[in-house]
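This report concerns only the one structure given below.
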Amino acid sequence: MSTTYESVGNALHGAPKENIPLSIPCVGPEEEALLRDCVATNFISTVGPYVDAFERRLADYAGVSHAVAVASGTAALHTALLCAGVKPNDEVLVSTLTFIAPANAIRYVGAHPVFIDAEPRYWQMDVELSAAFLNVCCDWRGGELINRATGRRVSAILPVHVLGHPADIAPLVELAQKYNLRLIEDAAEALGAKYRGESVGKAADVACLSFNGNKIVTTGGGGAILTNNDVLADQARYITTQAKDDSLAYVHGSVGYNYRLTNLQAAVGCAQLDKLEQFVASRRAHAEYYCQALSDWPCTVWRESPNAFATHWLSAIELSGRGETALDLAHRLKTRGIETRPLWQPLHRSPAHRGAQAVLSGVADRLADSVLCLPSSPQLTAEKRAYVVQELRRETLARAA
Ligand SMILES: *Cc1c(COP(=O)(O)O)cnc(C)c1O
């Protein structure tokens, strides 16, 4: 194919022919029409019909009684932890292989993360390691679970649905019940995912979504919490609107936050929700294509567990026996105009969370070196996908030579 030589030439001259992003927003006339309506009606701020509609539709979609829209996924996590009753000096079990936001939110409330490694098959928080930590490293004292090493109370489990593949929630629900812990799901990458046929976010006390620009649906920036708990939902609305008790007298019952989503953002969200199924179908089709096209290539294509319907927020491959890291390969693909990335620095290695306890098996460290995330935007064309695969294959040949 002539593109082969062209793109080598382009790469040498620093001008990639293609520009294939990892995951970008997909907006159009539908979003524009609703934004115009906000301007026409002057409902552009935190009150307005689109905020209400967006919350109602999110709750209905997930099959829960309440959704509270907030300014970001990180704000959703912070709010969820506060409303779930996680207190300063508590400890929260959280996946080590994830974007840093959930661990940061744990610190915002003055609590401490205990990082749990990933299981090797689907890369989600390892349930057996979690159980071992709770069973072996903690004592039951006066109705509370105390981590023997730190003397601190363990109060919650915060699994992340990594890359939009549901974590194994059922045994985590059992653990939470057994030890009287709150369960908080980080479903930021997983809107549209199902666990045992049900939408994620239903099984926990509270679940969190993100509508950041690179997520499954976007509002430009935003988030939401989902819950079946009426008291928790009221409290979330209250603290995300500055804990205002009396809107005329400006009496505030506690230290609140300005965390609400605007009607402008919610309007974009409403238009995006109409396309949710289509977005998830596109991302899943990309994963399926990469899986087939790379079946004879030295990598393991990441799969779905039998009880899961994943969003495949990002398609990902585990490089095997290549003698180079995913980061090296990402740098080289960048010169061909292809944006890829490794997973995340595992949080037990993060300078931001130095000193936190971790329960490790080595899986997250291995995956952090070896997993490459591939372009996955809904609007990625079949031609561009094929180009990604072609360039990946060329990289292998180049290294073998
Ligand atoms: C994106 C993301 C968040 C944070 O969401 P923001 O809207 O960017 O604040 C939290 N957790 C996970 C797992 C994410 O991927």
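The values are calculated or read from the model by the stated rules, or taken from the named source; none is laboratory data. Owing to the predicted nature of the structure, the values given are computational and were not obtained by experimental measurement. Note that we place each Cβ from the backbone using ideal geometry, even for glycine, and neighbour counts take in every protein chain shown. These area figures cover heavy atoms from the full protein model, side chains too; ligands, DNA and RNA do not enter into them. Shrake-Rupley method; radii C 1.70, N 1.55, O 1.52, S 1.80 Å.
For this structure, a couple of remarks:
- Dipole in debye (nearest 20) - segment 116-203, about Cα centre, beta carbon charges: Lys, Arg +1; Asp, Glu -1: 300
- Based on protein heavy atoms only, the chain ends up with 42 Å² per residue of surface accessible to a 1.4 Å probe.
- Sequence-ordered 3J(HN,Hα) estimates for segment 41-51 from the Karplus curve with 6.51, -1.76 and 1.60 and θ = phi - 60° stand at 9, 6, 8, 10, 9, 6, 10, x, x, 6, 4 Hz, glycine and proline given as x.
- Carbon and sulfur %, accessible surface of segment 289-362 computed with the full protein complex present, 1.4 Å: 51
- Lys pairs under 16 Å by Cα in the chain, provided they are eight or more residues apart or on distinct chains: 5
- Computed 3J(HN,Hα) for segment 195-206, one whole-Hz value per residue from the Karplus formula 6.51 cos²θ - 1.76 cosθ + 1.60 where θ = phi - 60°, is 10, 6, x, 10, 4, 5, x, 8, 7, 8, 5, 7, glycine and proline marked x.
- Student exercise, segment 39-154 dipole from Lys, Arg, Asp, Glu Cβ charges, in Debye to nearest 20: 260
- Rounded to whole Hz, the Karplus (6.51, -1.76, 1.60) HN-Hα couplings of segment 251-262, x for glycine and proline: 9, 10, x, 7, 7, x, 9, 9, 10, 7, 7, 8
- Förster radius 22 Å - calculated FRET efficiency between VAL136 and TYR108, Cβ distance, rounded to 0.05: 0.15
- Segment 67-189 shape via C-alpha gyration tensor axes, a/c threshold 1.5: oblate
- Segment 285-401: C-alpha gyration tensor shape, a/c 1.5 cut-off, then a/b vs b/c: prolate
- Net lengthening on full extension, ARG148/LEU327 (0.36 nm per residue, minus Cα-Cα): 60.7 nm
- Separation in nanometres of the label points that stand 7 Å from Cα toward Cβ, at ASP245 and GLN390: 6.8
- Distance between the 7 Å Cα→Cβ label points at LYS178 and VAL27: 4.7 nm.
- Distance histogram for the chain (every C-alpha pair counted, 10 angstrom bins, percent rounded to whole numbers): 5, 22, 30, 24, 14, 4, 1, 0
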